[in-house]
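J.: Encoded as structure tokens, here's the structure I'll be asking about.
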Amino acid sequence: MKSNNKFQHIENQYKDHHIDHKLTNVFEIAIPFWKCIKNIVGEKETEIDRFSKIILESIEAGIKSHQEICAFLGIKETSFVTVQFHFLIKNGMIVEKVNDNLLSYTLTKDGIAFLKKKKKIRELEIVPFEFYYNDLLKSFFTSKINIDQQEKSNTKKVSHANYILKETRRLTNTKIKHQNKPNNLDSLELATYFNRETKNLTYFDQASTSIKTHRRSILFLAIEYTNALGAQRYDIRKYKKTVEKFDTYQLEEKLSKAVTQYSLKNPFSI
């Protein structure tokens, strides 16, 4: 076994973890991730502005012609602010009619529902969505993990810790190459992840097909085991260089299988 005093406690703890394999090495390994930024069109519900509400209330009160509403509001019929009428038409709050060159408006069901506070306006907004992508597992990655869950008076107290991501180019540890750049993300998976991670917005569409990506890595411990035939398998474990506090190894169990598969074609030279 390639003994490393730095990880002697790990060797002692895990040396008998696999009955048919012998622990032969423990080393730091940089697992590849991608930091991604993609412009997403998000949809949100919002309260209508005060000016638009007054227009709707005026129409409801029987002041329906464009001329009468402008006079009531104290604005010129050609004023720039009358663009608000087009906003209300576009959002299905009112419909316009022209009789004898006289322009008038009528409330729709949605306009009435809004005044009764039973409906909100839906708006679209383009936002830069920053997220991480797991290169080996080809899946979205949330760097924040739950720790220290405690039950107190029927309420659950949950604190969080973050995996520590580093710029890959700055690391000198054993590395796994970045090879699965997330250029063509599945729209449904992206929408599901966006909705889970973003507050006050729901996924509507991608603003474009482009995506900005940056190589990142997380340092883990790789525990190497070798069987009688010389075949190797790897158990991946987080430690203090990975995250300060933790309680589960759900991600690491998946990475263990992926790293073992990777090593079959790309043996590690330690």
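J.: I'd like to verify a number: residues in segment 104-149 that are in a strand (DSSP E or B) and open to solvent by less than 50 Å² (accessible area, probe 1.4 Å), how many?
T.: So the count comes out to 16.
J.: I need every pair where a residue in segment 94-123 that is basic (Lys, Arg) has its Cβ under 7 Å from the Cβ of a residue that is open to solvent by less than 50 Å² (accessible area, probe 1.4 Å), sequence separation at least 6 or different chains.
T.: Partner pairs satisfying both residue conditions: LYS97/SER104; LYS97/THR106; LYS119/ALA113; LYS120/THR46; ARG122/GLU43.
J.: Sticking with this one: Going by what's in this entry, would TYR163 be described as surrounded by 12 or more Cβ atoms within 10 Å (Cβ to Cβ), under 29 Å from ILE31 (Cβ atoms), among the aromatic types (Phe, Trp, Tyr) and modelled with pLDDT under 95?
T.: For TYR163, the condition - surrounded by 12 or more Cβ atoms within 10 Å (Cβ to Cβ), under 29 Å from ILE31 (Cβ atoms), among the aromatic types (Phe, Trp, Tyr) and modelled with pLDDT under 95 - is met.
J.: Also: Among the candidates THR198, THR172, which residue alone is among the hydroxyl-bearing types (Ser, Thr, Tyr), at pLDDT below 95 and under 16 Å from the mean Cα position of the chain (by Cα)?
T.: So the residue among THR198, THR172 that is among the hydroxyl-bearing types (Ser, Thr, Tyr), at pLDDT below 95 and under 16 Å from the mean Cα position of the chain (by Cα) is THR198.
J.: For segment 191-233, which residues satisfy the criterion of being part of a helix (DSSP H, G or I) and in contact (Cβ under 8 Å) with a residue 40 or more places away in the chain?
T.: Passing the criteria: TYR193, PHE194, GLU197.
Yes/no per residue for (1) touching a residue at least 12 places away in the same chain (Cβ under 8 Å); (2) of a type in the set (Lys, Arg):
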site	(1), (2)
ILE19	no, no
LYS38	yes, yes
ILE55	yes, no
LEU73	yes, no
PHE80	no, no
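J.: Say we look at segment 27-64 and pick out the residues that are outside any loop (DSSP other than H, G, I, E, B) and open to solvent by 60 Å² or more (accessible area, probe 1.4 Å); which of these is farthest from TYR203 (Cα to Cα)?
T.: GLU60
The values are calculated or read from the model by the stated rules, or taken from the named source; none is laboratory data. Everything numeric here is computed off the predicted structure, so don't read it as measured data. Note that we place each Cβ from the backbone using ideal geometry, even for glycine, and neighbour counts take in every protein chain shown. With ligands, DNA and RNA removed, areas are computed over all heavy atoms of the protein, side chains included. Shrake-Rupley method; radii C 1.70, N 1.55, O 1.52, S 1.80 Å.
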